[in-house]
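S.K.: First, the structure itself, so that you have it in front of you.
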Amino acid sequence: PEETVTSSFASFIHEVQPKQLSKAVCHRSKRMILDSIGVGLVGSRTHVFNIALQYCRELYSSAAVSSVYGKPGVKLSPTLAAFTNGVATHSMDFDDTWHPATHPSGAVLPALLAASQMLPPSTKPNGLDFLLAFNVGLEVQGRLMHFSSEAHNIPKRFHPPSVVGTMGSAAATAKLLSLSTAQCTHALGIAASFAGAPMANAATQAKPLHMGNATRLGFEAALLAARGMEANPSILDSIPGCSGFSAFYSVYEPKPLAVPSDHHEFLLEKQDIAFKRFPAHLGMHWVVDAALSVRNLFINYAGSFSSSLIRTIVLKVPVSKYINRPSPSSEHEARHSFQFNACTALLDGEVSLSSFTESSIHRQELRELLDKVVVEHPEDNVANFDKMYGEVALLLHSGDVLTGKCDTFYGHWRNPLSRESLLKKFRSNASYVLSDEKIEAIIATVDNLENLSDSSQL
């Protein structure tokens, strides 16, 4: 049969081997796995997670073999465990972010964790198999996003994990389940029919469902393909007059994915990941670092922070409607508000989990600062996570102006978190659920993942 883009992806998924994972890729992906588990654990304490868990426990109970974040003794059927854990991972918008823009780990890891528990003892994948499947899921997401220039900017129409994440989950679980090349082709085709969620649901409780659905439905696509379900074998190709995956992009130029050789270079080797220091949309991290910078200037200027000295706060940020929220009224809106995060950083000197509680959001002193904010969109500040910057200027009643600017926050792929910082974040998140002993055991297990004989132990 004629070689197509879709068949090249299927061949890659089927034929890639653990030996093709470099040390850098293993190192970076283990950091992602550890961070994602921690984010999922703390996310298991959120209201939206409990809604999702209750829904799954009440309506579906068969084949309950897969674990749920933060709920010892609770198990669900594999795909629903993946769904619930995916919701937990994105419930605070605390999960990792890549470029082009998506949240890659949360769409893949929950499916792989659930699938590894689902498989019988004689076919349990080892840790290296698990790492490889995880990276297959990342690779497929990254390659698909590079097919369109639209994907490079902050999204406007659909939430990327609901599209490329679903495809990545299908690819990852297809690899873990050792599907044939033909089955991998159909898994991608089926997953494309499961993909998509509108950006209008950002900053609502529905947004974490995008991640839950991505990891669950990609998993289901692989299971259906394993059972003989077929789909369009050219789903990733550009076919005139009949949209496949190109339905999601007005500009779409697919390229084949080469069959892996001994020197295959995964995208994760070329493009590191961004880890968030606090639970909010990635764009917030630029304005927070800029706000903290200008806050230090203000304290040096005035001796302490006093909002009464400030006449106007000018934020210079990219144009992106869904994260330009002058007066957020809920935690989910606050996580998607340039204004809220800048003012919280100015007022408190930090942004943390507690910043998004109802009492913090509705503080009078915070509301007074929000009223002073003016937003500007300089032409050179593009809505792109690789090129944007955040600038916060304080126009004082005295006539003086203090300015802070950030073009690369700490945690960005150009300025990665240190191991110490990543472990601090993980330990803090996991401590909401686990004992110190169990927290250290997870760290040791992920550190040694490639040598684990049974990945379901994770």
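S.K.: Counting other Cβ atoms within 10 Å, keep those with at most 16, restrict to DSSP loop, and tell me which GluC sites (Glu not before Pro) in region 195-275 are left.
M.R.: Loop-located and lightly packed - E230, E265.
S.K.: Follow-up question, since we're still on this one. Could you give the accessible area per residue of the chain, probe 1.4 Å, as a whole number in Å²?
M.R.: Using a 1.4 Å probe on heavy atoms only, each residue of the chain averages 39 Å².
S.K.: Another question, then. In whole Hz, with x marking every Gly and Pro, tabulate ³J(HN,Hα) for region 91-101 from phi via Karplus 6.51 cos²θ - 1.76 cosθ + 1.60, θ = phi - 60°.
M.R.: Each residue of region 91-101 in turn: 5, 10, 6, 9, 8, 5, 9, 10, 9, x, 5 Hz.
S.K.: Can you give the accessible area of F278 in Å² (nearest 10), computed on protein heavy atoms with a 1.4 Å probe?
M.R.: 10 Å²
S.K.: May I ask you to give the percent of accessible area on region 369-458 that is carbon plus sulfur, with a probe radius of 1.4 Å?
M.R.: Its accessible area is 46 percent carbon and sulfur atoms.
S.K.: In whole Hz, with x marking every Gly and Pro, tabulate ³J(HN,Hα) for region 235-251 from phi via Karplus 6.51 cos²θ - 1.76 cosθ + 1.60, θ = phi - 60°.
M.R.: The phi angles translate into 4, 8, 7, 8, 10, x, x, 8, 6, x, 5, 5, 4, 8, 9, 6, 10 Hz.
S.K.: While we're here: Carbon-plus-sulfur fraction of the accessible area of region 41-111, 1.4 Å probe, in percent?
M.R.: It is 53 percent, rounded to a whole number.
S.K.: Quick check on the chain: helices-only [θ] at 222 nm, where DSSP H runs of length 4 and up contribute -39,500 (n - 2.57) each and the sum goes over total residues. Nearest 500, please.
M.R.: Theoretical 222 nm ellipticity from helices: -14500 deg cm²/dmol.
S.K.: Okay, next question. Got the relative contact order for region 282-406 handy, in percent, Cα pairs under 8 Å and 6 or more residues apart?
M.R.: 42 percent
S.K.: While we're here: Starting from the residue with the highest accessible area, list K321, K425, K387 in decreasing order, probe 1.4 Å.
M.R.: Result, largest first: K321, K387, K425.
S.K.: Tell me, what is the 1.4 Å probe accessible area of E440, in Å² to the nearest 10?
M.R.: Answer for E440: close to 80 Å² accessible.
S.K.: Measure nothing fancy, just the Cα-based angle from helix 207-226's long axis to the longest principal axis of the chain, in degrees from 0 to 90, nearest 10.
M.R.: Value to nearest ten degrees: 10.
S.K.: Mind pulling the angle between the C-alpha long axis of helix 284-302 and the longest principal axis of the chain? Nearest 10 degrees, somewhere in 0 to 90.
M.R.: 20 degrees
S.K.: Expressed in nm to one decimal, what extension gain is obtained for the pair T181 and T312 from 0.36 nm per residue of sequence separation less their Cα-Cα distance?
M.R.: Gain on stretching T181 to T312: 41.2 nm.
S.K.: Please compute the length gained on full extension between A302 and K19, using 0.36 nm multiplied by the number of residues separating them and subtracting their Cα-Cα distance.
M.R.: Roughly 96.0 nm would be gained on extension.
S.K.: Run the 1.4 Å probe and let me know the accessible area of D400, rounded to the nearest 10 Å².
M.R.: Approximately 70 Å² of D400 is accessible to the 1.4 Å probe.
S.K.: Another question about this same structure. Between A441 and S122, what FRET efficiency follows from the Cβ-Cβ distance if R0 is 25 Å, with the result rounded to 0.05?
M.R.: With a Förster radius of 25 Å, E is 0.45.
S.K.: May I ask for the angle, rounded to the nearest 10°, between helix 47-59 and the longest principal axis of the chain, with both axes built from Cα atoms and the value confined to 0 to 90°?
M.R.: With rounding to tens, the tilt is 30 degrees.
S.K.: Simple spin-label model, 7 Å along Cα-to-Cβ: L396 to R363 in nm?
M.R.: 2.2 nm
S.K.: Oh, and also: Could you work out the relative contact order of the chain, using alpha carbon pairs under 8 angstrom and six or more residues apart, expressed as a whole percent?
M.R.: Relative contact order, the chain: 21 percent.
S.K.: Leaving ligands, DNA and RNA out of it, rank H362, H264, H412 by accessible area with a 1.4 Å probe, largest first.
M.R.: H362, H264, H412
S.K.: Along Cα→Cβ, 7 Å out, is where each label goes; now give me the distance between the ones at Q271 and M229 in nm to one decimal.
M.R.: In this crude spin-label approximation the distance works out to 2.8 nm.
S.K.: Restricting to Cα pairs below 8 Å that are 6+ residues apart, what does the relative contact order work out to for region 330-458? Please round to a whole percent.
M.R.: 11 percent
S.K.: Follow-up question, since we're still on this one. By a straight-distance test (C-alpha under 29 Å), which lysines pair with K424 as possible cross-link partners, with residues fewer than eight away in the same chain excluded?
M.R.: Answer for K424, where 29 Å is the Cα cut-off: K23, K30, K71, K75, K207, K270, K276, K387, K405, K438, listed by chain and number.
S.K.: Can you give the FRET efficiency to the nearest 0.05 for K255 and R419, using r as the Cβ-Cβ distance and R₀ = 35 Å?
M.R.: The pair K255/R419 has a calculated efficiency of 0.50.
S.K.: While we're on this one: Rounded to the nearest Å, what's the spacing between the alpha carbon centres of region 57-129 and region 329-366? Just the number, please.
M.R.: 30 Å
The values are calculated or read from the model by the stated rules, or taken from the named source; none is laboratory data. Values in this document were obtained by computation on a predicted structure and should not be read as measured data. All Cβ positions, glycine included, derive from the backbone under ideal geometry; neighbour counts span all protein chains shown. Surface areas here come from the heavy atoms of the whole protein model, side chains and all, with no ligands, DNA or RNA. Shrake-Rupley method; radii C 1.70, N 1.55, O 1.52, S 1.80 Å.
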